[in-house]
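Contents: one structure, followed by commentary.
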Amino acid sequence: MSHNQTGTDTDTASPEATADLWDTIDALWRWLEAGQPIGGREGLLLRVLKLSEEVGETAQAVIGATGQNPRKGITHSWDDVQAELCDVVITALIALRTLTPDAREVFARHLDRVARRSLPPATPEAP
């Protein structure tokens, strides 16, 4: 178990959880595709644009959690911010899946590139 910023326990992601994540993303993508009123290139652009909407909702939650709007005061919690960030991630993964059926592999390769250029090389553990 690990702790998030609010101090509550969270399960550490396992390879099975990652597979479940992508299975769920694929299922959500299929559901959205079946009910999509606009397809083709325009549908793809609208799916990517949905990401901006979710980012805006995250900003609104942060403003509400910090009480930055004096007219409204505190309207959100940090749990709301966490939920909105999750919506951003889900929406981005579905948008990626919309661009390519190989979204899982594309994401894994990109994450690996970012990690290799950003993180220091791993050092072997001492015996």
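The values are calculated or read from the model by the stated rules, or taken from the named source; none is laboratory data. Because the structure is a prediction, the values reported are computed rather than measured. Every residue, glycine as well, gets a Cβ built from its backbone with ideal geometry; the counts of neighbours run over all protein chains shown. Side chains included, ligands, DNA and RNA excluded: accessible areas come from the protein's heavy atoms. Shrake-Rupley method; radii C 1.70, N 1.55, O 1.52, S 1.80 Å.
Inspect all residues belonging to the stretch 56-74 and state whether any of them is under 21 Å from ILE25 (Cα atoms) and open to solvent by 40 Å² or more (accessible area, probe 1.4 Å).
Let us first name the residues in the stretch 56-74 that are under 21 Å from ILE25 (Cα atoms), namely 57-58.
Filter once more, so that each one left must be open to solvent by 40 Å² or more (accessible area, probe 1.4 Å): 57.
Yes, that holds for at least one residue.
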Taking the stretch 84-117 and keeping only residues that are more than 15 Å from THR24 (Cβ to Cβ) and within 10 Å of the chain's Cα centre (by Cα), one is left with GLU84, LEU85, VAL88
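Has the stretch 112-124 got at least one residue that is within 21 Å of GLU54 (Cα to Cα), at pLDDT 95 or above, of a type outside the set (Gly, Ala, Ser) and open to solvent by 80 Å² or more (accessible area, probe 1.4 Å)? Walk me through how you get there before you give the answer.
Keep residues of the stretch 112-124 that are within 21 Å of GLU54 (Cα to Cα), which gives none.
Checked the stretch 112-124: no residue is within 21 Å of GLU54 (Cα to Cα), at pLDDT 95 or above, of a type outside the set (Gly, Ala, Ser) and open to solvent by 80 Å² or more (accessible area, probe 1.4 Å).
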Log entry, pairs with first residue in the stretch 102-125 being within 14 Å of ALA92 (Cα to Cα), second being open to solvent by less than 100 Å² (accessible area, probe 1.4 Å) and assigned to a loop (DSSP other than H, G, I, E, B), beta carbons closer than 7 Å, six or more apart or on different chains, reads VAL106/THR100
Q) What do you reckon, is THR91 closer than 23 Å to GLY39 by Cα, among the polar types (S, T, N, Q) and either touching a strand residue (DSSP E or B) at 6+ places or on another chain (Cβ under 9 Å) or surrounded by 14 or more Cβ atoms within 10 Å (Cβ to Cβ) (or both)? A) yes
Cβ pairs under 8 Å, 6+ apart or interchain, first in the stretch 50-73 and hydroxyl-bearing (Ser, Thr, Tyr), second open to solvent by 80 Å² or more (accessible area, probe 1.4 Å), ordered by first then second residue, are THR58/LEU85; THR66/ILE74
